[in-house]
Amino acid sequence: MRLLLKKDPEADPALGRVFNEIIAAIIFLMILLIFIQQLRFIQIFERRRIQSLQEYVKIEIEDSFKKEGLEKNLPSIIVDENSPLIQKILMTENVLTFKTGNVNLEQNIDQKILELVGKILLENEPIFEAVKVEGHADTIPLGLAIQNKYPTNWELSSGRAITVVRFLVEHLGFNPVKLSSVGFSSYHPIDPERLDLNRRIEFVIQYSYGEDYMYSDRADKIYKEVKQMKNSGH
């Protein structure tokens, strides 16, 4: 039998090059794995921070309504199932009331409710990437008198969203650069059988990964406050 001797990479230039390439590839893969692990750690860190910010906004709104004795008018506050970076505040008819065919806030209680929510959003505006106000309508056809001003529910739902945006800017001093409004008419119902749920305003709060505010003193303070609240059984 012939003995197969292992060649010394230094004795064979071609084998040496292959050996060096393998070592370089291994080092590259190790660096890549370390980078991926660090990236995952940052994403987990920022995801927890965003969850804390969202929880903080929710708690602050709930507490402000309780202090004013307006628990029955408390809006629903949820995180979008399809995007953890989006938090929604749903203000259905039992929270915010517009008269039929009207875009104005007629009752003092409506302005009070908007003020409570708006002040919390204003206080935390630096941690939001953007705030969109959505107007939604029901499927009831508009009367002829109303159609002279708002031909369809598109105009009506858009007008209501604009009313809320103007209130935030003109009465509370919200940064208009971060605000937008949109009307969806009747085509995004919560429940097709519940017209009162479909006549609504939604605040859509957009958060973002990789922003400086994630590492700010305020974000750190909120993170600690929410942690304390949870530990105390808030």
field: In region 38-116, chymotrypsin sites (Phe, Trp or Tyr not before Pro) in a DSSP loop with at most 15 other beta-carbon atoms within 10 Å
entry: none
message: Out of the chymotrypsin sites (Phe, Trp or Tyr not before Pro) in region 139-199, which ones are loop residues according to DSSP with at most 13 other C-beta atoms within 10 Å?
response: Y187
query: Using only helices, what value at 222 nm comes out for the chain when you add -39,500 (n - 2.57) per DSSP H run of length 4 or more and divide by the total residues, to the nearest 500 deg cm²/dmol?
result: -16500 deg cm²/dmol
- line: Rg/Rh over Cα atoms for region 103-169, Kirkwood Rh, comes to 1.05
query: For A14 and L144 in one chain, what is 0.36 nm times their gap in residues minus the Cα-Cα distance, to one decimal in nm?
result: 38.0 nm
- request: State the three equivalent ellipsoid semi-axes of region 37-231, derived from the C-alpha gyration tensor as the square roots of 5 times its eigenvalues, in descending order and whole Å.
  value: 32, 18, 15
query: In what order do T92, T139 fall by count of nearby beta-carbon atoms within 10 Å, going from fewest to most?
result: T139, T92
- prompt: Pick from I140, I77, I201: which is most flexible by mean-square fluctuation in a GNM of the chain where alpha carbon atoms under 10 Å apart are linked?
  reply: I140
Distance in nm between pseudo-label sites at S83 and L172 (7 Å out along the Cβ direction from Cα): 2.0
- prompt: How long are the three semi-axes of the equivalent ellipsoid of region 137-199, in whole Å, if each is the root of 5 times an eigenvalue of the C-alpha gyration tensor, listed from largest down?
  reply: 25, 15, 9
query: Where both partners of a DSSP beta bridge lie in the chain, what percent of those bridges are antiparallel, to the nearest 5?
result: 75
- prompt: Going by alpha carbons, how many degrees (0 to 90, nearest 10) lie between the helix axis of 108-123 and the longest principal axis of the chain?
  reply: 20
task: Consider a paramagnetic label point 7 Å from the Cα of K112 along Cα→Cβ; state which residues of region 65-103 have an amide N under 11 Å from it.
output: 68-71, 73
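FYI, it's all coordinate maths here, none of it is from the lab. Given the structure is predicted, the values throughout are model-derived calculations rather than measurements. Virtual Cβ from ideal backbone geometry, glycine too; neighbours counted across all protein chains shown.
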